[in-house]
Amino acid sequence: MSEANIFFSIMIYFLASILLIVMIALCVKLIHTLTKVDKVIDDITVKSSKLDNLFNVIDTTADAVNSVSNSIVGWVTTTINRLLNK
């Protein structure tokens, strides 16, 4: 009975040490992967900030076109109403 206890104790210690080594290796790989992900996120942030000015120009242009088209539609509507009222 004591030989079985000794055997199982040694086996548990051996398996626990293997598990510890595997967990350390996984943590190192995880840290390496997170470093890569951080670099990619920084790169995407820089590139998207460069595009912010382009989107601002597009937004301003769209607002200007919308304003002009609203003015034209208002003028045409007013003209048609004047012609129909006469």
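With helices as the sole contributors, the chain gives -37500 deg cm²/dmol at 222 nm; each DSSP H run of n ≥ 4 counts as -39500 (n - 2.57), and the sum is divided by every residue. Of the solvent-accessible surface of the chain, computed with a 1.4 Å probe over protein heavy atoms with every protein chain present, carbon and sulfur atoms account for 73 percent. Charged side chains reduced to their Cβ positions (Lys and Arg at +1, Asp and Glu at -1) give the chain a dipole of some 480 debye around its Cα centre. Principal-axis analysis of the Cα atoms of the chain puts helix 2-85 at an angle of about 0° to the longest axis. Mean projection of the Cα convex hull over all viewing directions, computed for the chain: 12.7 nm².
A simple spin-label model places the labels of K86 and F8 10.7 nm from each other, with each point 7 Å out along Cα-to-Cβ.
Take the Cα radius of gyration of the stretch 35-83 and divide it by 2.2 N^0.38 Å, N being the number of residues; the result is 2.18. A 1.4 Å probe run over the protein chains yields, for the chain, 93 Å² of accessible area per residue, whole-number rounding.
Counting heavy atoms of the protein chains alone, T45 has an accessible area of about 80 Å² for a 1.4 Å probe. Work from the charge dipole of the chain (Cβ charges, +1 for Lys and Arg, -1 for Asp and Glu, about the Cα centre) and give the residue of M11, T78, N53 farthest towards its positive end. Looking along the dipole axis, the top candidate is T78. Largest GNM mean-square fluctuation across I72, I24, I41, computed for the chain with C-alpha springs under 10 Å, falls on I72.
The values are calculated or read from the model by the stated rules, or taken from the named source; none is laboratory data. This one's a predicted model, so the numbers in the text were calculated from it and none came from an experiment. For neighbour counting, all protein chains shown are included, and Cβ atoms are generated from backbone atoms with ideal geometry for every residue, glycine included. The accessibility values were calculated without ligands, DNA or RNA, using every heavy atom of the protein model including side chains. Shrake-Rupley method; radii C 1.70, N 1.55, O 1.52, S 1.80 Å.
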